[in-house]
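Readers should treat all values here as calculations from the given coordinates under stated rules, not as data from a laboratory. Keep in mind it's a predicted model, so treat the numbers as computed, not measured. Here the Cβ is made from the backbone with ideal geometry for all residues, glycine too, and neighbour counts use every protein chain on show.
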Amino acid sequence: MTSSEETPSFRLAYVPGVTPTKWVRTWNERLPDVPLTLIGVSAAEASDVLRGGGADAGLVRLPIDRTGLSAIPLYTETTVVVIPKDHVVAAVEEVCAEDLADDIVLHPLDDTLEWEHRPGRPAIERPATTADAIELVAAGVGLLVVPQSLARLHHRKDLTYRPVSDAPESRVALSWLEDETTDLVEDFIGIVRGRTVNSSRGRPKVPAQPKGKRPDTGGARRKPAAGKAAGKSARGGSGGRRGKPRRRS
């Protein structure tokens, strides 16, 4: 490597609630010489970070502004309502949006769920963040409907959550700049899609070593050395009996 060449690296942005641990572990196993740096970003700023070159790829929540970006949906999350443990909803396993009609349902500014008709009664003010809304739920001000991973991220002992059967769901996707689909981006796509290192679309970093094999013999039996051949000839061949020399008359 010359001094002008840069050491390759990969920067992965991720939004709150998304856990990239298993993919990072696989990356480190397959590409140990390419460090992967994690960059935490809010859901709202994720697309701008990617377009601005702040990360090579990102784990984002859909929908996002797709201008100039490619995106591969990875999975869909269950939506839950976060409630105090002594709330009446805690007595059931699942609710629907109509069950929340009499409650104040908080709508933080960083909410990523797309509602046609938001459940419950609106609060006087919108909390700035999901974390702020969680604090208000704990204070008994209202309830909060979020993707399940965010409920787990902001877990508190005095709160619990229940699935909301008819709520919109949150989709998590891998996104990157369309014009920057580099080899390393392809490597990470292969990892999140579960491709093996030997997949036809994979890009193994270390060329496969040829299996051990016996030295080439030219496709035929090895011929005896000249000295051995001469010895055999003098003995009358390797397979016949040795005869006595004939006496000349």
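Just to verify a number: FRET efficiency for His117 and Asp48, C-beta to C-beta distance, R0 = 45 Å, to 0.05? That gives a FRET efficiency of 0.95.
Quick check on segment 1-149: take the gyration tensor over C-alpha atoms, sort the square-rooted eigenvalues as a ≥ b ≥ c, and tell me if it's rounded (a/c under 1.5), prolate or oblate. In terms of gyration-tensor shape, prolate. For the listed peptides 115-124, 131-140, a ranking on the average number of other beta carbons within 10 Å per residue, highest first, reads 131-140, 115-124.
Only Lys, Arg, Asp and Glu carry charge here, each on its Cβ (+1 for the first two, -1 for the last two); on that basis segment 111-202 has a dipole of about 580 debye about its Cα centre. Restricting the calculation to alpha carbons of segment 37-115 gives Rg and Dmax of 16.9, 48 angstrom.
Reported to the nearest whole Å, the Cα centre-to-centre distance from segment 150-174 to segment 31-60 is 23. The order of the peptides 50-60, 183-193 by mean Cβ neighbours within 10 Å, most packed first, is 50-60, 183-193.
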